[in-house]
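Every number in this text was worked out from the coordinates using simple rules, so none of it is lab data. Because the structure is a prediction, the values reported are computed rather than measured. Ideal geometry is used to build each Cβ from the backbone, glycine not excepted, and the neighbour counts take in all protein chains shown.
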Amino acid sequence: MSTPTLELRARSVGPWPMNTYALVCPDTRASVLIDPGADPETLMEMLAGTQPIAILLTHTHPDHIGALQDMRERLQVPLLAHPGPHFQDMALATDREIADGEIIAVGRRTLKAHYAPGHIDDMICFAVVDGTDIIVGDTVFAGGPGNTRSSIAFQTTLRTLRDVVLSWPDESICHAGHGPSFRLGDKRAAIEAFLARDHGDFFGDATWEMGL
Ligand SMILES: [Zn+2]
Ligand SMILES: [Zn+2]
């Protein structure tokens with residue numbers, strides 16, 4: 001019998017809407033809240049029966065942090081995020097900065113942080129160690145990579161797709177900041193084909209089929 005890894009909970013909140021997540025240790029009930037985008041009451045309900053130990057951010061776009069201040073006050077737990085630069089150079093009072101490759105404990109289980117710049121400079125993906133769930137923020141969606149604001153950012157996204165995302169196993173389940181989760185193996189061929197095409201100085205909203 002395999003050891004249960006972290007329990008994943010998800011809620012869709014806010015006007016866009018976005019996906020907020022919690023990961024819960026099945027032994028200790030310790031939990032982390034990832035991306036408190038909106039609607040604190042829904043976030044509290046998602047965390048019910050757990051002992052929150054930290055708030056984690058995939059990145060600092062407003063739709064992912066809309067309820068951050070409220071949840072910090074309610075939970076009184078440390079905020080962990082990439083050191084930045086953050087969205088519009090905002091001053092984020094992080095309690096602990098997350099480095100690429102860092103291991104974060106959640107009760108008796110762990111997460112591994114993967115730095116994934118492109119969509120924004122402070123993106124972190126959180127992979128459950130010894131599990132298949134990866135919280136990817138706006139790095140990748142079922143239909144394409146996250147939106148980019150410059151051709152330099154798009155080139156950075158291409159590097160992140162090649163060096164970070166495609167390094168994960170096929171059985172990885174990517175849980176995105178918007179829309180449905182997907183199995184990486186089901187998208188690998190489309191991502192590889194996307195990377196093999198020349199997109200020139202493109203930036204913006206891309207799909208895996210773009211340029212076909
Ligand atoms: Zn974003
Ligand atoms: Zn987003």
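Some points to look at:
- Here the relative contact order of the stretch 1-96, from alpha carbon pairs under 8 Å that lie six or more residues apart, stands at 21 percent.
- Largest to smallest principal axis extent of the C-alpha atoms in the stretch 114-197, angstrom: 35, 26, 23
- Cα centre as origin, Lys/Arg/Asp/Glu Cβ charges: the chain dipole, Debye: 340 debye
- Neighbour net charge for GLU97 - beta-carbon separation under 14 angstrom, K R +1, D E -1: -4
- Per-selection Rg to Rh, the stretch 1-123 - Cα, Kirkwood hydrodynamic radius: 0.95
- Calculated P(r) tail over 17 Å for the stretch 49-99, as whole % of Cα pairs: 31 percent
- Karplus 3J(HN,Hα) series, Hz, for the stretch 126-131 with 6.51 cos²θ - 1.76 cosθ + 1.60 (x for Gly, Pro): 10, 9, 6, 6, 6, x
- For the chain, convex hull of alpha carbons as volume per residue, Å³: 112 Å³
- Calculated [θ] (222 nm, deg cm²/dmol) that DSSP helices of n ≥ 4 give over the chain, each run adding -39,500 (n - 2.57): -6000 deg cm²/dmol
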